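The structure appears below as structure tokens.
Readers should treat all values here as calculations from the given coordinates under stated rules, not as data from a laboratory. All values derive from a computational prediction rather than experimental measurement. Quick reminder, even Gly has a Cβ in these numbers, built from the backbone with ideal geometry, and neighbours come from all protein chains shown.
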2 protein chains.
Amino acid sequence: MSYPQTTFHHTTFTPHSFLSRLRHTLPTTLRTQLSLLHHTGRYDAFRLQPHPSYADPPTHWPVPNHLFWDSDVAKWIEGACYLLSECPEEAGELKDIDEAVKELVDMIRGAQQDDGYLNIHFTVVDKGGRFTNLRDLHELYNAGHLIEAALIHHHHYKNTLLLEPILKYVDLLYNTFGPGPSQLHGYPGHPEIELALLRLYALTGDQRHHDLARYFITERGRNGGQFYTEEAARRGDRENEVPRYYPEKKSYWYQQAHKPILEQQTIKGHAVRAMYLLTAVADLVRQDGSGSEEYLVAVKRLWADMVGKKMYETGGIGAVRQWEGFGDAYFLPQATDEGGCYAETCASIGIMMLAERLLKVDLNAEYADTMELAFYNTVLTSMSVDGKSFTYLNQLASSPQDLSKREEWFECACCPPNIARTLGMMGGYIWSWEETSSGVDLVVHLYTAATLTMKMSTGAVVTVQMTTDWPWDGKVSFAVTKTSLELTLNMKLRIPKWAEDKWTVSSGGSSSIPEAVNGYISIPEPYSSSGITLDVPMIPRVIRAHPFTNRETACIARGPIVYCVEDVDNSWVTDHFKTTHIDLEAPFQEELVTDPKTNETYVQISMPSGGQVYDIEKYPSYYTSYVARDLVFTPFYFRANRGGKGHMRVGLKVPPYPTGRISA
Amino acid sequence: MSYPQTTFHHTTFTPHSFLSRLRHTLPTTLRTQLSLLHHTGRYDAFRLQPHPSYADPPTHWPVPNHLFWDSDVAKWIEGACYLLSECPEEAGELKDIDEAVKELVDMIRGAQQDDGYLNIHFTVVDKGGRFTNLRDLHELYNAGHLIEAALIHHHHYKNTLLLEPILKYVDLLYNTFGPGPSQLHGYPGHPEIELALLRLYALTGDQRHHDLARYFITERGRNGGQFYTEEAARRGDRENEVPRYYPEKKSYWYQQAHKPILEQQTIKGHAVRAMYLLTAVADLVRQDGSGSEEYLVAVKRLWADMVGKKMYETGGIGAVRQWEGFGDAYFLPQATDEGGCYAETCASIGIMMLAERLLKVDLNAEYADTMELAFYNTVLTSMSVDGKSFTYLNQLASSPQDLSKREEWFECACCPPNIARTLGMMGGYIWSWEETSSGVDLVVHLYTAATLTMKMSTGAVVTVQMTTDWPWDGKVSFAVTKTSLELTLNMKLRIPKWAEDKWTVSSGGSSSIPEAVNGYISIPEPYSSSGITLDVPMIPRVIRAHPFTNRETACIARGPIVYCVEDVDNSWVTDHFKTTHIDLEAPFQEELVTDPKTNETYVQISMPSGGQVYDIEKYPSYYTSYVARDLVFTPFYFRANRGGKGHMRVGLKVPPYPTGRISA
């Protein structure tokens, strides 16, 4: 049973390509983060010594600020292991990273308690608090990330130095949680361990690992989340002593525990929690097979609600800051001063995870389209192109309250290491394949310059080299090498929905237009092996916000890339582009440019005189008073890399209807 | 020193006119509410017997649901007294209301404690809790409404049966609160007593009444509201035991206590609290005169912020449900499913109160324009035309979550009696005057069919009869009667801003266009006494939402009346008019109609083929697929009086820019 985390190393990214360039910052990113782990106290936290910051009052009561440290370390280890296992020839160069992983693993081993328990906060600070606040305290979330770290550590180092203590910890969890009379009938406030346990089961085959994940998923939301209410009463919490991220008492929809997952009709609450939970549910469907259709129905229902009504043009999710999550259907303001916009990095990483699992049980290009959208826009924008600074929120427009910028680190540092590990395993997202009796079935979800090496159980090898300048150019060619001509390679290629009917495919000198089934075209032998060229023209297009979003805006996209305007290119802006309208009749100009400061190469789009900029000082006669401006659009992922005042916007207003009848 | 509550009885409304018809429902309204006072237990609550509902868990902890009962009773007494004192000839017919007032006053007198204390909850339920939670528990708010009830009771009954115990209670409050070492340095969580004490001072001349109001106003917000923090600590509240209406711990901007009023730059928090507080501050400025300019600067700054950036087209305020108050600047969604809209009835009543006080210290038509807007739209829409059902919220559009409708009563019943007392004192809002050495200066703020009788200290009388069909027709004529020809009547008439330059005025057969100063034209003798006709054409106009509101909508208005569309007139609607755009080039048709069910007469506006209704099923090709519909507009105040499905909207989208370039 494959995962991006288990297949990534079969992919080699072609040097100097778009993704290869991005991923070349990984050593820098990991070293930047390692230095911050040291600096903040996280690095040494598994030594179980008190750190001065442990006494800080929590920013978000009752969550101690250091509660996530276990997961920060685990995610860094994970990102490091992807890099190390992919670049053995560079191991010497990465010696510092390798040694840090080893030291951290030593410390984690040393931090394990006799009964298997493994958590910094509940060993050093709150010794009696173990498993008394599943609702808020991320204990099982941390455990999940430790499991994920152990899996990749085992993959890379071929030893069990980390896996062994983690398995012992999982044994303790298995005995602690479950339906038995002496067990806790609880489930994590922040899902993560469920998807980790299912991946662990795929390695170990230990049924207990699958069963514990299944228990957490199916127990979740029983009696409206009553476990959390009882747990709070056992702690002696007063009825109105409730974290501020809950809009009401007992609003357990915050963590998707207000009702069983099968009964949830709309996607609600904290966006990262929702994505991590549904990723596990989709994987449970895959592992359980035909007995679990009802769970697939539930996941698809929630996915459709999210993509259709609660996702931004950039693949961001979560409009509401209070609970870092979903608002009502179509409530998708672009900025803080318009009512909100969260679009957390980790939530869009969660979309990728969920889409990947869904593709495995229900091959449909809509999942891959959304995965690509989230990746190229919200996920990639969360890191500077030098790999050294990051975002947590990815709002579609800046405001006086929230400028467009990045930070070195966050108190709750979930996002920076998450992007590192996502880039680390990126090869596993590009394509998926299965060995068949006669060869291999390969499905290509994302396009990039890379080579996939598929080794069969027979020892035969099929290599597919994909050549393209994606996302700037839509021409993609595939060259196949097989150790035996008899091997049958059946390929499926995704046709992005935005390509409409403008794409073409040719193979062996002849062109054809096969019908796409669920968004994928099938290329069987002999065409697959004779070299394929897919051409998906990249043409700038206008994406208009849904009429129900309460904003009449349009943004520019080209292929998978969504664009924004920034003041660094449009220096006349003083109002975060609030009064800039796009003249939709103005022509687009496209140019491949290289930014001299960062050396980033990308297609810039401009619309000469395409901006109608209204003079807000003249409101209400505003609508008859404007100047035309040249507009320059920059890929959203590249925003805030070149200085400027931090004014940025994705969706610009479209011109108002001309009329002389309007008054104040 | 005059107030609407002290001058209202000088105005007689002309029978069968618009306001007269509305005010004729007052006996029905007061009887409906009296029956509900009985039914819910409020009527007998001052008997100080426990009521079963006292044990109910609070809907909004820590506020007991019955905490407002004192003020509900007080406001009903107040409304009743306006009616009784205005209609002595009807006293026989209103005997039940008169007797209820007397019985309630008896009960209130009996409920007073030996030391003067007077409050239901803290006498019957929580005997030890007196003055321990000013932040949340409305104790001083209730006291304020009791003072206001006592003032009008004294005015009407010419006795001190209610005023006497209230003065005793105020003595207790004066001794309890203040800067002294043994006094509480606190101030009310919900302002109201401040404006009531200043009115009390205007009657009694007792400096202590002025000083206590001034203390509450100037102490408010000291050290960031530290009093509330200390008070919570004294109660033993835990740090995170915080009411859900506070978005964060200690967010005392909820009740405008985050900093001293002089330092507040923008209007924030609970809208009713803000209006009641600023009303008191404006009156303090009037009472204190030239020593208090800095307070006038502060109030004007907050007023400008509100009217310019945080007020709906209907004169509603408050976009955010959680704290029933202001959002960020220009955050003005129309409906729950667009991100919010509260526009509470009492908040717009507060706008009228504040505008009235500001007109007294800074005569400027912008206050009266806003007062008129709030009154004719948000305040009037809050009561059905039969006077029997009410609203709390006055959203600009319905949604599946919140249909356009009214209710008989509310658990927190602030709004229904508030509209009754506002209509009761309405005569005091229309105009204001001051005796001069030679006669009288009269300022007309609002237009309606009514007669004002001004008695001079000399015994002379000036009577001004205003004749108009306002708000349906903009012609207003004035006829003056004087007991002596030597009396000089100087009149000022407000020119509404929406009249632009289309108004005319004529007097004594000659027409002239005097210059309006701060929105008022001056008409001296002999023109004033020779009969004036002001003509302000009522022409339908389009009000477009401010560009920063994040919605491209326009609504229709005519004179002071803002219109909406309702499904009862536009029966094809199934989506709360979300997909209905206005064709701004379509002609308006106006017709004076009488609704057969309610007998309400009003100007209906229609736009034949003026609606472009888009087929949302065809999204994203939505924009090229529409049908034209006839649109019928109804005054917003009249919505939800004729049945229907409850679909309604004020601001409709304007057509999108035509283009072939838009894609999904």
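Using the Cβ of B:ILE317 as centre and a radius below 12 Å, the other residues enclosed give a net charge of 0, where K and R count +1 and D and E count -1. Within region B:368-442, the proportion of Cα pairs with more than 17 Å between them is 56 percent.
Give the value in nm², to one decimal: projected area of the alpha carbon convex hull of the protein assembly as shown, averaged over all directions. Taking a quarter of the hull surface, the average projection is 53.0 nm². For region B:444-484, report the % of Cα-Cα distances exceeding 16 Å. Percent of Cα pairs beyond 16 Å in region B:444-484: 41. Put simply, the convex hull of the Cα atoms in region B:251-384 casts, on average, a shadow of 7.7 nm². The largest-to-smallest principal axis extents of the Cα set in region B:517-611 are 59, 41, 22 Å. As a size descriptor, the averaged projected area of the C-alpha convex hull of region A:505-664 was calculated at 13.4 nm². Shape summary of region B:1-160, radius of gyration then Dmax from alpha carbon positions: 17.0, 53 Å. Net charge dipole, region A:43-182: roughly 540 debye, given to the nearest 20, about the Cα centre with Cβ charges of +1 for Lys and Arg and -1 for Asp and Glu. Antiparallel beta bridges, as assigned by DSSP with both residues in chain B, represent about 90 percent of the total such bridges.
Within the shell of other residues whose beta carbon sits under 15 angstrom from the beta carbon of B:GLN113, the net charge comes to -2, with Lys and Arg scored +1 and Asp and Glu -1.
Taking trypsin sites (Lys or Arg not before Pro) across region B:517-616, the ones in a DSSP loop with at most 16 further Cβ atoms lying within 10 angstrom of their Cβ are B:LYS597. Loop-resident GluC sites (Glu not before Pro) (DSSP state other than H, G, I, E or B) in region B:198-302 with no more than 11 further Cβ atoms inside 10 Å of their Cβ: B:GLU248.
For B:THR458, inter-copy separations between label points set 7 Å beyond Cα along the Cβ vector come to 12.0 nm, shortest first.
Each peptide among B:138-147, B:618-627, A:251-260 gets the average number of other Cβ atoms lying within 10 Å of its residues, and from highest to lowest they stand as B:138-147, A:251-260, B:618-627. Shown for A:ARG235: label points 7 Å from Cα along the beta-carbon vector, and their distances to the equivalent points in the other copies, 2.2 nm in ascending order. If you wrap the tightest convex hull around every Cα atom of region A:176-262 and split its volume per residue, you get 101 Å³.
Cross-link pairs exceeding 22 Å between alpha carbons, from the set B:LYS578/B:LYS618; B:LYS268/B:LYS309; A:LYS309/B:LYS268: A:LYS309/B:LYS268.
Expressed as a whole percent, the proportion of Cα-Cα pairs in region B:282-334 lying more than 14 Å apart is 58%.
Computed on the Cα atoms alone, the convex hull of region A:436-535 gives a volume of 94 cubic angstrom per residue.
What is the sum of charges around B:GLY308, taking Lys and Arg as +1, Asp and Glu as -1, for the other residues whose C-beta is under 12 Å from the C-beta of B:GLY308?
That sum, taken over residues with Cβ under 12 Å, equals +2.
Measuring r between the beta carbons of A:ARG130 and B:ARG234 and using R0 = 25 Å, the FRET efficiency lands at 0.15. Stokes-Einstein, applied to the Kirkwood radius of region B:10-425 over Cα pairs at a viscosity of 1.002 mPa s and 20 °C, places its translational diffusion at 99 µm² s⁻¹. Calculated mean residue ellipticity, 222 nm, the protein assembly as shown: -9500 deg cm²/dmol, from DSSP H runs (n ≥ 4) at -39500 (n - 2.57) each, averaged per residue and rounded to 500. Each copy carries a label point for A:SER530 at 7 Å from Cα along the beta-carbon vector; from one copy to the others these points are 10.4 nm apart, nearest first.
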